[in-house]
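Everything below concerns the one structure shown next.
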Amino acid sequence: MGFSLQFADSVFELVKREQIETAIEAVLEEVKRMGWRHDQFFPQLTRGDVYAALTARPKIFAAVPDQSMIFFQRAAVMAFLGLPTSRSRWLPPGLQTGTRINGDSAVGAIVNYVQSQRNIECWVKSGLVINARLQNASRDVCPNCAELSHVWLLGEQPELPYEFCTNPKGCHCVYIAHTFREHRAPG
């Protein structure tokens, strides 16, 4: 048993009004009411991720107007809050992504971007990780992403999702932390 669509819709209304803290608290209260443990339901939920999703603008969205971008950002917030159904449920009907990918994949791109940025920031702060391997989490890796699939020095890595990815389902690349000094420059 999960969240009802009625509950999810009420949380989305809070997100649309940018009452993010109230939305987070409503979800946590509902999780508690259902007898779930917060750490089981949201193993990686941080308020920072939720707020970052609301302002995220990966390079692949460079051509998307601000008035459209907010819809993808709000849908990404809903994904971070763990609310049900497809990600595109939170998008207005007929909204164009401004990219070659569909609405679900566009929202997934924002989620990927926020997680990637958070991971890299944490690795840099730790001082233990200086390299990250770009790895594709999908079998249908595009040629552009395949060329980047090696170890990068943190600070030199391309932004994920990769803006030149040609996978019609969107970029599924991730960075995996490396704690040793392997590094191969592109070229």
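In this structure, is I101 among the β-branched types (V, I, T), crowded, with 19+ Cβ neighbours inside 10 Å, in contact (Cβ under 8 Å) with a residue 40 or more places away in the chain and more than 30 Å from T179 (Cα to Cα)? Here the answer is yes, as I101 does meet what is asked.
In the set N102, N167, N144, only one residue is in contact with an Asp or Glu (Cβ under 8 Å, 6 or more places away or on another chain) and polar (S, T, N, Q); that residue is N167. In the range 104-116, the condition of being without any contact (Cβ under 8 Å) to a residue 60 or more places away in the chain, surrounded by 14 or more Cβ atoms within 10 Å (Cβ to Cβ) and in contact with a strand residue (DSSP E or B) (Cβ under 9 Å, 6 or more places away or on another chain) is met by at least one residue. For the range 44-67, state whether one or more residues are of a type in the set (K, R) and either at pLDDT 85 or above or closer than 22 Å to C165 by Cα (or both). Yes, the conditions are met somewhere in the range 44-67. Of all the residues in the range 99-115, those that are of a type in the set (A, V, I, L, M) and modelled with pLDDT under 90 number 1.
Where strands (runs of 3 or more DSSP E) sit wholly within the range 107-187, those with at least 2 residues that are among the polar types (S, T, N, Q) and farther than 27 Å from I70 by Cα occupy 131-136.
List pairs: first in the range 134-147 and farther than 9 Å from H172 by Cβ, second among the small types (G, A, S), Cβ under 6 Å, 6+ apart or cross-chain? Once the first residue is farther than 9 Å from H172 by Cβ and sits in the range 134-147, its partners that are among the small types (G, A, S) give L134/S149. Within the range 22-43, the set of residues being part of a helix (DSSP H, G or I), under 21 Å from S10 (Cβ atoms) and at pLDDT below 75 comprises H38, F41.
Residues of the range 57-104 that are of a type in the set (F, W, Y) and under 21 Å from V31 (Cα atoms): F80, W90.
Counting the residues of the range 50-98 that are aliphatic (A, V, I, L, M) and in contact (Cβ under 8 Å) with a residue 40 or more places away in the chain gives 9.
The values are calculated or read from the model by the stated rules, or taken from the named source; none is laboratory data. The structure presented is a predicted model; accordingly, all values stated were derived computationally and were not measured. Please note: Cβ atoms are built from the backbone with ideal geometry, for glycine as well, and neighbour counts cover all protein chains shown.
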